[in-house]
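Just below is one structure, and these are the notes that go with it.
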Amino acid sequence: MVKIVGVRFRNAGKVYYFDPKNNKIETGDHVIVETVRGVEYGTAVGGVHEVDEKLVVQPLRSVIRVATADDDARAKRNREKEREALKICQEKISKHGLDMKLIDAEYAFDNNKVLFYFTADGRIDFRELVKDLAAVFKTRIELRQIGVRDETKILGGIGICGRVLCCNSYLSDFAPVSIKMAKEQNLSLNPTKISGACGRLMCCLKNEEDTYEYLNSRLPGIGDSVTTPDGQKGEVHSVNVLRQRVKVLIDVEDEKEIQEFDVADLKFKPRKRKEKGKNKEKDNKDRDNKDRDNKDRDNKDRDGKDRDNKDSDNKDRDNKNGDNRDRDNKGRGNKDGDNKDRDKARNKGGRKAARKESVSDEEQRELEELEQLEELETRDQIEGKQKLNDE
């Protein structure tokens, strides 16, 4: 177990935990603590108490001291300086013509930094503004853009209920709110009626969400069939969630009649209430299992595809090698045939030359005609083989 004390730096701000050391701190006491931003002045919330060490975010910073009268006076002077800084910053924004709305100014306790909060529709180039502010205040300047919810939390106001805004009075964090919550509570879906001062859905829709979920789970849905205490079957016409009353449309002597019953007196198939924690765990487990199955399938498919690709590549290589070998063999065969044809022609030419010496002029003419025919035939044969090789 670890001793801690909660400290809040703003009204309805987030609570941060510190090590109280040997300081005696009561709820509402002002303390000086060491933070990431430096030395800060805050208010103790809940006093010193012990919690499990696993619930504490390490490292746990310590409380320097309980605030003295001088510390209180210094914090008061800082609040006054913040109002002056706000006016000066607003003048500089108007001078530079920047489209931004200044919300608040905050001085660090030791005056080593001035923090300005603003809202804007998009990104703002405020580099020249920072230079001007640094020249005026002679300290570090930080401008922080916030949303419309944070703006309303800082400025405060009165809600449509007539009370101070929840975010400005006690809410330390903004809970997610959805339109489904308004439907669950049978509220009008008119945006002007379910939106708060910030223009977003009212935070108070979350307050009664769990109660309405439980009450609705005990009621039948509109249009469902129910059995009355008299044993008659009817159709649900309307329900009153808070009173747990149900209006049922039943047949009485060939006429339809609406009767109201307590939900405990009716028999119907109840709704299944969603158990958030368990369902989330189941959904996460199912998602993890599905992801694993999908990964295994993808790996198997990839392995199978890789094997098929390797086999097909090997087959293609074998086919290409076989084609290249066939082409080489054909080319060699054609070349050999051409050489043989040329040798035959040469041999025929030598034989013909030998015949010329022993034949007469008439025979010589006949031989010349035969030679021309043979030359034409050999040329045709060679050209035909070359065409085949080209093809």
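The values are calculated or read from the model by the stated rules, or taken from the named source; none is laboratory data. Everything numeric in this text was worked out from a predicted model, so none of it was measured. When we count neighbours, we look across all protein chains shown, and the Cβ atoms used for this are built from the backbone with ideal geometry, even at glycine. Please note that ligands, DNA and RNA were not included when accessible areas were found on the heavy atoms of the full protein model with its side chains. Shrake-Rupley method; radii C 1.70, N 1.55, O 1.52, S 1.80 Å.
Rounded to 0.05, the FRET efficiency of the Asn207 and Asn186 pair, given R0 = 22 Å and the Cβ-Cβ distance, is 0.90.
Projected onto their three principal axes, the Cα atoms of the stretch 139-192 cover extents of 54, 23, 20 Å, largest first. Largest first, the residues Lys95, Lys153, Lys180 sort by 1.4 Å accessible area into Lys95, Lys180, Lys153. Among Lys92, Lys206, Lys131, Lys14, the order of accessible area from largest down is Lys131, Lys14, Lys206, Lys92, computed with a 1.4 Å probe on protein heavy atoms. Here the accessible area of the stretch 100-158 is 47 percent carbon and sulfur, with a 1.4 angstrom probe and all protein chains present. Here the average projected area of the convex hull drawn through the C-alpha atoms of the stretch 68-129 stands at 4.5 nm².
Which sequence of Arg200, Arg65 reflects their accessible areas, 1.4 Å probe, from the largest down?
The ordering from most to least exposed comes out as Arg200, Arg65.
A straight line joining the Cα centroids of the stretch 103-172 and the stretch 210-240 runs 50 Å. Extension gain for Gln259-Lys14 works out to 83.1 nm (0.36 nm per residue, less the C-alpha to C-alpha distance). Test of the criteria: in the stretch 1-105, which GluC sites (Glu not before Pro) are in a DSSP loop and have at most 13 other Cβ atoms within 10 angstrom of their Cβ? Answer in residue order: Glu26. A compact globular protein would have a Cα radius of gyration near 2.2 N^0.38 Å; the ratio found for the stretch 33-99 is 1.68. Each principal axis of the stretch 48-155 carries a Cα extent, and these read 52, 33, 24 Å when sorted largest first.
Can you give the Rg to Rh ratio for the stretch 124-251, taking only C-alpha atoms and Rh from Kirkwood? Let's see the in-between values first.
Details: Rg = 24.0 Å, Rh = 18.8 Å.
Rounded to two decimals, Rg/Rh equals 1.27.
Here the translational diffusion coefficient of the stretch 193-236 follows from Stokes-Einstein with Rh set to the Kirkwood radius across Cα pairs; for 37 °C and 0.692 mPa s it amounts to 246 µm²/s.
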